[in-house]
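Just below is one structure, and these are the notes that go with it.
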């Protein structure tokens, strides 16, 4: 039943971890002032006729310990995705690595492989090999001419999910890996679609699908845009090997949730389909601040952002 699925999704670790961001929003919303909107995939800093984009990601400790090569790769990949998700192009990354040397070589090998595949250099950082634990984070700098922002979704937009199904599920974690064995040139061409959409005016609102999966990412988009939405679970494209419930909470190595004006939907879908990527309409943005999940026969209010924040970041 849809109600029981919604209850399980609501209590999933992917959603609960997004609520940890409230500690940041609460701290920064009290007596702290900045001209930069807080809550986007990157900080967008006005610079000349465009924007500098700045972001950082930390890796799950369990992933660092159990699959250090993939953790190293992912540290670059998720940052690159954040830059492209906002319509930008990456410039360079820096890393912060704490290790006991046992996983050090594998972490570096993964980071170097991703750096080469995405053509984004590692230019500095911090290294400590005498740590009692293993930890990895990476920060990235990029530049955009026009932005795709979490704050721009509006009532009447259609929600599109764009993903690459040419991959496999990670055996231990909710990751869909369509990157590590892909052609690097194709990887970069697929990502280049996002700045193209921004610069041609076809898309100004969206996010990359993060560790919160489609559900968590949509909630964050709605929260910062002060909107709600209806999400049609029957319309969500899902890899054949995965149950929908797991897919809804999975992190795809290439996945974007876009909020598109209806007149632009056909053109946006065509851009992704021309590169053999999946892109389908899965819902619609509404004024009411509720996320409603629907299927063929059922409908349930999954989250009411008007009285239950997710991250705490909302429009100024």
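Couple of notes before you dig in:
- Applying a threshold of 9 Å to beta carbon distances and a minimum spacing of six or more residues, or different chains, the list of pairs starting in the range 166-183 at a residue that is farther than 18 Å from residue 246 by Cβ and ending at one that is in a loop (DSSP other than H, G, I, E, B) and modelled with pLDDT under 90 reads 179/167; 180/167; 181/167; 182/167.
- Evaluated against (1) in the same structural domain as residue 181 (by TED's automatic domain parsing); (2) within 21 Å of the chain's Cα centre (by Cα); (3) under 27 Å from residue 78 (Cβ atoms), residue 230 falls short on exactly one condition, (3).
- Where residue 140 falls short, out of the listed (1) at pLDDT 95 or above; (2) out of contact with any strand residue (DSSP E or B) (no Cβ under 7 Å at 6 or more places or on another chain): (2)
- Lone unmet requirement of (1) surrounded by 16 or more Cβ atoms within 10 Å (Cβ to Cβ); (2) more than 23 Å from residue 195 (Cβ to Cβ); (3) touching a strand residue (DSSP E or B) at 6+ places or on another chain (Cβ under 8 Å) for residue 25: (3)
- Residues that are at pLDDT 95 or above, in contact with a strand residue (DSSP E or B) (Cβ under 7 Å, 6 or more places away or on another chain) and farther than 16 Å from residue 229 by Cα within the range 253-279 comprise 254, 255, 256, 265, 268, 269, 272, 273, 277, 278, 279, listed in sequence order.
- Which listed residue is at pLDDT 95 or above, over 18 Å from the mean Cα position of the chain (by Cα) and under 30 Å from residue 145 (Cβ atoms), from 52, 28: 52
- The range 123-134: number of residues that are free of Cβ contacts under 8 Å to residues at least 40 places away in the same chain and either in contact with a helix residue (DSSP H, G or I) (Cβ under 8 Å, 6 or more places away or on another chain) or not in a loop (DSSP other than H, G, I, E, B) (or both): 7
- The residues of the range 276-308 that are more than 18 Å from residue 153 (Cα to Cα), outside any loop (DSSP other than H, G, I, E, B) and free of Cβ contacts under 8 Å to residues at least 40 places away in the same chain amount to a single one, 301.
Per-residue answers, yes or no, for (1) under 18 Å from the mean Cα position of the chain (by Cα); (2) under 30 Å from residue 285 (Cα atoms); (3) surrounded by 24 or more Cβ atoms within 10 Å (Cβ to Cβ):
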| residue | (1), (2), (3) |
| --- | --- |
| 69 | no, no, no |
| 83 | yes, yes, yes |
| 87 | yes, yes, yes |
| 91 | no, no, no |
| 99 | no, no, no |
| 108 | no, no, no |
| 129 | no, no, no |
| 137 | yes, no, no |
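- Enumeration of residues in the range 162-172 that are part of a loop (DSSP other than H, G, I, E, B) and more than 16 Å from the chain's Cα centre (by Cα): 165, 166, 167, 170, 171, 172
- Flag if residue 217 is under 17 Å from residue 41 (Cα atoms) and not assigned by TED's automatic domain parsing to the domain that holds residue 70: yes
- Hits in the range 200-211 (condition: buried (at least 16 other Cβ atoms within 10 Å of the Cβ) and over 15 Å from the mean Cα position of the chain (by Cα)): 202, 203, 204
- Of all residues in the range 148-159, those that are in a loop (DSSP other than H, G, I, E, B) and surrounded by 24 or more Cβ atoms within 10 Å (Cβ to Cβ) total 4.
The values are calculated or read from the model by the stated rules, or taken from the named source; none is laboratory data. Model, not experiment: these values are computed from the prediction. Cβ atoms come from the backbone with ideal geometry, glycine included; neighbour counts cover every protein chain shown.
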